[in-house]
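This report concerns only the one structure given below.
Read-outs: derived from the displayed coordinates by stated rules, not from any lab. What you are looking at is a predicted structure, and each value in this text was computed from that prediction instead of being measured. Virtual Cβ from ideal backbone geometry, glycine too; neighbours counted across all protein chains shown.
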């Protein structure tokens, strides 16, 4: 029996999107692929309302986290660490031999713009990394306020991980001044894993031209040059996943981005009201994620046992991430899930726990 996924990725993928992958293959140097890929890029730009360079890489989102560091930082970078994925970006920067400093807060808290500005006043940084939606804690970073503050530091690039939020949470890339916005296919896009999407500003591209050691596979300059000349990717893409992405972008356009955002907000509000009534939220008040709710296990239930019982009924949620295992549990409400599906899940949790 299939377990319907209410986990923070991979998310449920609708059958018609899965079926799109079964189309016959084409060569990635054929005109048919150029048509497919340029069509995808144009649809992404339209849906995200951006004129920035958009690329789709056959990789996980982590590859673009590393690419952002390698392309946009010669030496000094400031990493915002409020959970597991902020910490991952900090460690990536260190492994790329960058001089990385971190702003660290307790898990469940949000990093505020004034905390970042305090660091920027004391030292010049080439870039700041922010995880807009921290999957491990259910915390949404105040990216709008951070972006507004960073406009006072025009030489500092804003690198943002929106892996678990883009296409579910409303993020105005242009208004926020995001220089590298990166995401993955298996979260709010509601696609199988394997594709990473990068939206790169002109300023970030110009910076990359002067940075050595950008690497080969995810070299922003090389990828853009190849696209400008041929409308293709420099290396072999996952063509079947591109079929699925193309199909899904048409479905998202049909739903309408504003309708999609509102659907995510309604699902988030439903889960969070239930969690506050029966447990407690882990996220700092006012900074709750729109796509995943992290719930404090105030009743000391056995989360693994709850998930086992849910599995028998055809559902799956997530235990707490890393050190938060059994201390919290997470319910994702992202992608193509609907409020009625969320209600059905909560009804089953209530029955199992006797709430």
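Between residue 45 and residue 338, 0.36 nm times their residue separation minus their Cα-Cα distance comes to what?
103.0 nm
Tell me, what is the FRET efficiency for residue 1 and residue 350 to the nearest 0.05, using R0 = 22 angstrom and their Cβ-Cβ distance as r?
Details: r = 21 Å, r/R0 = 0.95.
So the FRET efficiency works out to roughly 0.55.
Measuring from a point 7 Å past the Cα of residue 153 along Cα-to-C-beta, which residues in the range 69-103 have an amide N at less than 13 Å?
76-81, 101-103
Sorted by average packing, counted as other Cβ atoms within 10 angstrom per residue and highest first, what order do 289-302, 91-104, 56-69, 16-29 take?
Descending packing order for the listed peptides: 56-69, 289-302, 91-104, 16-29.
Could you give the length gained by full extension between residue 172 and residue 29, i.e. 0.36 nm per residue of separation minus their alpha carbon distance, to one decimal place?
Gain in length upon complete extension: 48.1 nm.
Among 107, 274, which comes first, then next, by fewest other beta-carbon atoms within 10 Å?
Neighbour counts put them in this order, fewest first: 274, 107.
Compute the separation of the alpha-carbon centres of the range 276-355 and the range 1-55 and state it in Å as a whole number.
Their Cα centres are 29 Å away from one another.
Please rank 330, 14, 88, fewest neighbouring Cβ atoms within 10 Å first, as an exposure proxy.
Fewest-to-most Cβ neighbours within 10 Å comes out as 14, 88, 330.
Give me the base-10 log of I(q)/I(0) for the range 133-251 at each q in 0.09, 0.10, 0.15, 0.16 Å⁻¹, Debye formula, one uniform scatterer per Cα, rounded to two decimals.
Values returned for q = 0.09, 0.10, 0.15, 0.16 Å⁻¹ are -0.29, -0.36, -0.81, -0.92.
How big is the chain by the Kirkwood estimate over distinct Cα pairs, in Å?
In the chain this quantity evaluates to 20.8 Å.
Using Cα springs under 10 Å in a Gaussian network model of the chain, which residue among 135, 38, 183 shows the largest mean-square fluctuation?
Taking springs between Cα atoms under 10 Å, the residue moving most is 38.
As a test of the formula, what do you get for the chain when each DSSP H run with n ≥ 4 contributes -39,500 (n - 2.57) and the sum is divided by the residue count, at 222 nm and rounded to the nearest 500 deg cm²/dmol?
Taken over the chain, the calculation gives -13000 deg cm²/dmol.
Using a Förster distance of 45 Å, how high is the FRET efficiency between residue 229 and residue 253, based on the Cβ-Cβ distance and rounded to 0.05? The partial results should precede the final answer.
Working: r = 28 Å, r/R0 = 0.62.
The formula returns an efficiency of 0.95 here.
In nm, to one decimal, how far is the modelled label at residue 217 from the one at residue 15, with both set 7 Å along Cα→Cβ?
3.5 nm
Can you tell me the convex hull volume per residue for the range 18-146, based on C-alpha atoms, in Å³ to the nearest whole number?
That works out to 154 Å³ per residue.
What FRET efficiency, computed as 1/(1 + (r/R0)^6) with R0 = 22 Å and r the Cβ-Cβ distance, is obtained for residue 261 and residue 38, rounded to the nearest 0.05?
Rounded to the nearest 0.05, the efficiency is 0.25.
Run the numbers on the chain and let me know its relative contact order in percent, using alpha-carbon pairs under 8 Å that are six or more apart.
Rounded, it is 24 percent for the chain.
Fewest Cβ neighbours within 10 Å first, please rank 176, 181 accordingly.
Neighbour counts put them in this order, fewest first: 176, 181.
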